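Each remark here refers to the structure printed beneath this line.
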């Protein structure tokens, strides 16, 4: 039953990706006007290409900001220090002091998703997060990381005990046959909800911008103008806000999932 539902969701998502159109990026243009094996390869793997572009951009910015640490920081160093401090406060505010160990993963996840979300606003670029393949890969990474933390912090027996609902009395043990499959299903649904939420919002934003770009061009088509009205401008500002919120939500939920996996005494502390 669950497999049929998952297949139906995947089928509907595929239709959504086909039905909603985004602005053309440089790979799309190369594939359109330069037919060949290289152009076809780039078009087939364009989400991977843009994901690697975001990763390289993040690495480059981090290198430039950290190569010379000055007592009076540069604007770039100041901005990254502020970002790191804010992310550290976010994670430790939810998990506690021991949450600082997970800041590198969660912080990198936030910045990486944020850059990918904003890439669609740059002419010639594309938001890789507008593809379910990208968001699903990110969610699978989170799933593996969270489950690994659960096993590391609780041990195998403690991890299984957590999935059973931590039964400590007769009622708890009686409910175990119900709690165990429900908790396993819950852990499997978490990455699905993460990926679909991010994918749907970013695809919707980029498609909305593309639609208003088309309307702007159509509005001046009677003048044979090479440019159109900038009707998409208000939605570019809105996409900056929503792209930040989506990256924050993804990272915040990841932090909560990690917190729920930690031993009970950690929550009490």
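Please treat every number below as a calculation from the coordinates, not as lab data. This structure is a prediction, so every number in the text was calculated from the model and none was measured. Neighbour counts run over all protein chains shown; Cβ positions are idealised from the backbone, glycine included.
Exposure proxy check: 254, 53, 74 ranked by fewest other beta carbons within 10 Å? Mind dumping the intermediate values first?
Values: 254 25, 53 16, 74 13.
Listed from fewest to most nearby Cβ atoms, that is 74, 53, 254.
With everything on Cα atoms, drop me the angle between helix 75-95 and the longest principal axis of the chain, reported from 0 to 90° to the nearest 10.
Helix 75-95 sits at roughly 30 degrees to that axis.
May I ask you to order 230-240, 109-119 by the average number of other C-beta atoms within 10 Å around their residues, highest value first? Intermediate values should be presented prior to the final figure.
Values: 230-240: 14.9, 109-119: 23.2.
The packing order, highest mean first, is 109-119, 230-240.
Can you pull the one-decimal nm distance between simple spin-label points at residue 196 and residue 156, each 7 Å off the Cα toward Cβ?
Distance between label points: 3.4 nm.
For Cα pairs less than 8 Å apart in space and 6+ apart in sequence, what is the mean separation divided by the residue count of the stretch 2-268, i.e. the relative contact order in percent? Walk me through the numbers before you get to the answer.
On the way: 239 pairs, mean separation 65.6, N = 267.
Relative contact order for the stretch 2-268 comes out at 25 percent.
Rank the residues 68, 190 as a footprinting-exposure proxy: fewest other Cβ atoms within 10 Å of their Cβ go first.
Numbers: 68 9, 190 19.
The most exposed by this proxy come first: 68, 190.
At 0.36 nm per residue, minus the direct Cα-Cα distance, what do residue 215 and residue 175 gain on full extension? Give it in nm, one decimal, please.
Extra length available between residue 215 and residue 175 comes to 8.6 nm.
Give me the tail of P(r) for the stretch 114-243 as a percent: Cα-Cα pairs with distance above 24 Å.
Of the Cα pairs, 52 percent sit more than 24 Å apart.
Among 127, 86, 221, which one shows the biggest mean-square fluctuation in a GNM of the chain, springs joining Cα atoms closer than 10 Å?
221
Using the count of nearby Cβ atoms within 10 Å as a rough guide to exposure, how do 102, 159 rank from fewest to most? Mind showing how you got there, number by number?
Values: 102 21, 159 17.
Placing the least packed residue first, the sequence is 159, 102.
If one takes the longest principal axis of the Cα atoms in the chain, at what angle in degrees, from 0 to 90 and to the nearest 10, does the Cα axis of helix 233-261 lie?
It is inclined by approximately 20 degrees.
To the nearest 0.05, how large is the calculated FRET efficiency for residue 185 and residue 43 if R₀ is 41 Å and r is the Cβ-Cβ distance? If you can, show how the numbers build up before the last one.
Details: r = 37 Å, r/R0 = 0.91.
With a Förster radius of 41 Å, E is 0.65.
Expressed as an acute angle from 0 to 90° and rounded to the nearest 10, what is the orientation of the C-alpha long axis of helix 132-163 relative to the principal long axis of the chain?
10
If you build the Cα gyration tensor of the stretch 72-175 and take the root of 5 times each eigenvalue, what three semi-axes come out, in whole angstrom, biggest first?
Numbers: eigenvalues 259, 87, 19 Å².
Equivalent ellipsoid semi-axes, largest first: 36, 21, 10 Å.
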